[in-house]
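The values are calculated or read from the model by the stated rules, or taken from the named source; none is laboratory data. Quick caveat, the model's predicted, so the values are computed rather than measured. All Cβ positions, glycine included, derive from the backbone under ideal geometry; neighbour counts span all protein chains shown.
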Amino acid sequence: MAESISAERPSRFGLAPSAPENGSAGGAKHLAPRLVSLSAPASFEAEQYRALRARLESRQEGRAIQVVAVTSATVGDGKTTTAINLAGALAQSSETRVLLLDADLRRPSVESQLGWGGPGLADAILDADRTLMSTVRHDPALNLSVLTAGRRPEAPYEALKSARLGTLFDEMRRHYDYIVVDTPPLLPVPDCRLIARWVDGFLMVVAAHRTPRKMFEEGMSLLDPARVIGLVFNGANRPHSRYYGRYHSYGHPSRQSAPGPRPPSRPAPRPTSG
């Protein structure tokens, strides 16, 4: 059964705290404050992501969790921020090799949040001569490797359906101890169900007081319950993000209004016993 985070009280994964007021680390001074695992690793907020990391590491004894997908039922629930902070928390162990992968080929967010551009997953899928390691970017100061989504393919579904993606995941497993995958949300497009073939488990991000129960239940119904390793409740009270636009215009910026400013997303775990 999936474990969960409560938006009102601590639980096994915990509460969603606010971002720290200040603090930065190494090569992370340009990052948004909400990326606490990278910008303020000594903060209380970053400690909550280390608690989430600990939950994943403790599962290694009974069931191998090497490739972790972070998803949500709907849009704007904070899954990308959760994925980046989880990857950052895992990378704080100097002996651990961590890859953060943006597998949302329609509306990628990792590149814009980290400020790392260039070729990415789509380029590696569509160009068989391009190696994984020539596409991945590594930041030694953060001990973190990142594979952004790269160029926008004309047919994202077909790109993710290709056998080439499986080959790339096999190579990722050989090079990294953990791969944290930021996926598209479950309901707007079927892409996440294609990615599911290559991951070991899912973390489901839910915006507390915002994600409709019906949408959450519908999203959960699309996942294999045995592979849902946890629910992360994002407790930030904020209006629906327009980043992805409406469901019918997902991945088609020309059909949607320009996105407004995005308030900081604040998901993180705060553990208790039990």
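Some points to look at:
- Residue match in the range 75-97 (condition: part of a strand (DSSP E or B), under 20 Å from D177 (Cα atoms) and touching a helix residue (DSSP H, G or I) at 6+ places or on another chain (Cβ under 7 Å)): no
- Among residues of the range 182-197, those that are in contact (Cβ under 8 Å) with a residue 40 or more places away in the chain and either touching an Asp or Glu at 6+ places or on another chain (Cβ under 6 Å) or buried (at least 20 other Cβ atoms within 10 Å of the Cβ) (or both), counted: 10
- A single entry from F216, F169 fulfils the requirement of being in contact (Cβ under 8 Å) with a residue 12 or more places away in the chain, outside any strand (DSSP E or B) and over 20 Å from G76 (Cβ atoms): F169.
- Qualifying residue in the range 24-36 (condition: closer than 22 Å to D177 by Cα, at pLDDT 55 or above and in contact with a helix residue (DSSP H, G or I) (Cβ under 9 Å, 6 or more places away or on another chain)): yes
- Meets criteria (in a loop (DSSP other than H, G, I, E, B) and touching a residue at least 60 places away in the same chain (Cβ under 8 Å)) for V205: no
- The residue list A122, A141 contains one member that is exposed (fewer than 15 other Cβ atoms within 10 Å of the Cβ), of a type in the set (G, A, S) and on the phi < 0 side of the Ramachandran plot, which is A141.
- Residues that are part of a helix (DSSP H, G or I) and touching a Leu at 6+ places or on another chain (Cβ under 9 Å) within the range 146-166 comprise P156, Y157, A159, L160, K161, R164, L165, listed in sequence order.
- Every residue from the range 69-102 that is under 9 Å from the mean Cα position of the chain (by Cα) and within 17 Å of G219 (Cβ to Cβ): A69, V70, T71, G78, K79, T80, T82, A83
- Residues located in the range 107-118, provided they are buried (at least 18 other Cβ atoms within 10 Å of the Cβ) and either under 21 Å from D191 (Cα atoms) or among the hydroxyl-bearing types (S, T, Y) (or both): R107, P108, S109, V110
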